[in-house]
């Protein structure tokens, strides 16, 4: 079956974009979990992302917000500076990717890092990509040691 004949499933890249936007808004708005359903609803009904994997979007947002302290504890040693000094977009990209590395073992870590770099390219400046790549490379060795051999 050629690529043009394959049935295309829900788009996870679009779900990651929506998740990043929702997490950024949630974080900027004071991190109130009561806001999550409204934020998700707004991103689920976007026409430009009508093919996104809505279930994965929900899983990402609720997964990251539910494990925030644990994710930050994993990320902090790899950053070597206060997480408060990391731009919100960059921090939320790191949280999304770290959550996926910890919880979605069926997704190769290289795919997760590549997706994180694509998000960074779209939402942050070029210097952020090097930072994100370096941190995620360190985290991949810690979280996926067998896969990184």
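What follows draws every value from the coordinates through simple rules; no lab data is involved. Computed from a prediction, not measured in an experiment: that's the story for all the values here. Cβ coordinates were reconstructed from backbone atoms using ideal geometry, including for glycine residues, and neighbour counts include every protein chain displayed.
Some notes on this structure:
- Convex hull of Cα atoms in the chain, direction-averaged projection (nm²): 9.9
- By the beta-carbon count within 10 Å of each Cβ, the least crowded to most crowded order of 107, 44, fewest first, is 107, 44.
- Spin-label pair residue 44-residue 126: with each label point 7 Å from Cα along the Cα-Cβ axis, the two points sit 4.0 nm from one another.
- Counted by neighbouring Cβ atoms within 10 Å, the residues 111, 89, 64 run from fewest to most as 111, 89, 64.
- Computed over the chain, relative contact order equals 23 percent, with contacts defined as Cα pairs under 8 Å that lie 6+ residues apart.
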